[in-house]
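Taking it in order: structure first as structure tokens, then the write-up.
We did not get these values from a lab; they are worked out from the coordinates using the rules stated. Please read these numbers as outputs of a predicted model, since none were measured by experiment. Ideal geometry is used to build each Cβ from the backbone, glycine not excepted, and the neighbour counts take in all protein chains shown.
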Amino acid sequence: MLRRLLIVIALASVVTACNGGSTAPPPFFTGVAAPTPTPTPTPGPIGSASGTLTTSTTNTTSTSVGPVGAFGAPLNSTISCPPTNVVAHLAINFTSTQPGGTPTLAAMKRRPRNIGGGPLTPIVWFTVTPDANVNCPNLPTFSVTFPAGSTPPAAGTTYVAVYDPHNPGAGWNAISGPAAVSGNTYTWPTSSFPLTLQNGVTYSFVVVTTSTIVSLFTWSQHLYVANDNTPGGIQQFNLPLSPISTPNFTIAGNDLVAVGVDTNGNLCTGDFHHKIFCFTAPLSGFSTPNATFNNGTAGNVGQLMFPASGPQMNQLWSASVGTEIDRFVPPFSNATTAAQQTFPTGASQLVGLAFDSSLNMYLSDVNKLYVYAPPYNNPPSVVTPALSDTSYRKETIIGSQLFVSMPISTPQPLGRVDVYNLPLTNASVPAFTMIGTACPCPPGNAINIPEALTSDQFGNLYVGNLGARSITVYAPPFSASSLPTAQLQFPSPYAIFGIAVGK
């Protein structure tokens, strides 16, 4: 397992070696004058340098790469890596110019996932390309030594940022900083930001200085996947997701069709047999339910949701795959019963459940949507028109858009995800539809019988595909032509009926 890459960039002063002519005779006179040596030229700026680091499963390994011209002096680097889970060859490239195919390094304060300072001045860039799949639970430690007599940037506003090609919508993410100073050496400590390095994919990093403080990018969430099989279970994955992500652990369970996580990391899951099981954080593969109770009077569980704010924060809401919506108040026990039940007029198969930032509740029922404002009593504030050839399932809200899964229909045999603009009205119809668009990853269709939906703190959309046993990830902004940024394939048998993002 790759715990961290230790990258030490040493900046040294230019040493000019210049030999003058010699007047001393040669040791043995031959009658031929000794030639005057040609002066050795002073090396000019070198744009890039490359090397290969071969990792080991038992020992720390290192390689040196350089020089690269920057700050009027050549940079020499040493890259060290502790024992890894596989022997891999990491192609390292250092450069004084921005790597091709990466977005503009720009100040963007609107989202903490982007570098928030400005103006931004890069110190050095580098890329890492592995020849094997490597999971990195920790990011690199960087140390930069500035030459004597130089004027380094202010340590308090120097950072390390990464560009992950699997999440292009996120841009450059500040992952470590500000620097700690010891003499002329700046050090950016490692962080627990997880990163999966995929075989053949190039990841770009930059050491950057800015005039203002940067909000660091942090993944404080995980993805939870419910498997509707016996045995099934709930698997936890680090984010960001990649094609080679592996689960941290599996919580045992059978026929699980829904999962929800509250703001404290407590998890509840529902099965195909009327039951809800709740687990107390911290979660692990040894977790067992602290509470098991019936899902109201319903015989199934559709989608589970915990409002993240407001008077009902961390109370559990459940869609019944029937005619009722149930609310359960913690602390949960085996004797827990619904504190509130809502029966939308005309509903027959309520599956999807989501809340917007104003705590309006959105329900999917076969071919239409209901909207309820707090306190979620009848009548609903909105009922959208019924659509033909539609059987809606799970939901998620990202910004001002509502996403609803539709596993299969005649026009779209592989299913679709309908996207509505908010707020909804009694005349609302989908603004656009995301369908099974070909992607470079197996099984060949990004959306394939979509059932489960969720989203993360940075606005990425996750689609759980029953037909492909896969989860596809989409980055904003969304459109009918959106392509996935990552797709994770699950082994057979696996039935993805419920997914959720949480602590």
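Couplings for the range 468-474, taken from phi via the Karplus curve 6.51 cos²θ - 1.76 cosθ + 1.60 with θ = phi - 60°, read 9, 6, 9, 10, 10, 10, 10 Hz in order; Gly and Pro are left as x. Quick one: net charge around Thr342, please, counting Lys, Arg +1 and Asp, Glu -1 for every other residue with C-beta under 9 Å from its C-beta. The answer is -1.
Amide H contacts of Phe432: Val419, each under 5 Å away and 5 or more positions distant or on a separate chain (H built 1.01 Å from N in the peptide plane; Pro and chain starts excluded).
Residue-wise HN-Hα couplings along the range 196-208, as the Karplus relation 6.51 cos²θ - 1.76 cosθ + 1.60 with θ = phi - 60° gives them from phi, are 9, 8, 9, 3, x, 9, 9, 9, 10, 10, 9, 8, 9 Hz; Gly and Pro carry x.
With contacts taken as Cα pairs under 8 Å and at least 6 residues apart, the range 337-411 reaches a relative contact order of 25 percent.
Considering only the other residues whose Cβ falls under 12 Å of the Cβ of Thr230, what net charge follows from Lys and Arg at +1 and Asp and Glu at -1?
Value of the local net charge: -3.
Working from Cα pairs under 8 Å separated by at least six residues, relative contact order for the range 222-502 is 15 percent.
How much of the pair distance distribution for the range 222-502 lies past 34 Å, counting alpha-carbon pairs only, in percent?
In whole percent, the share of Cα-Cα pairs in the range 222-502 beyond 34 Å is 11.
Amide H to amide H, with H built 1.01 Å from N, Ser77 comes under 5 Å of Ala10, Val65, Gly66, counting only residues 5 or more places away or on other chains. By the rule of a C-alpha distance below 20 Å, with chain neighbours fewer than 8 residues away ignored, the aspartates and glutamates paired with Lys394 are Asp228, Asp255, Asp262, Asp271, Glu324, Asp326, Asp356, Asp365, Asp418, Glu451, Asp456.
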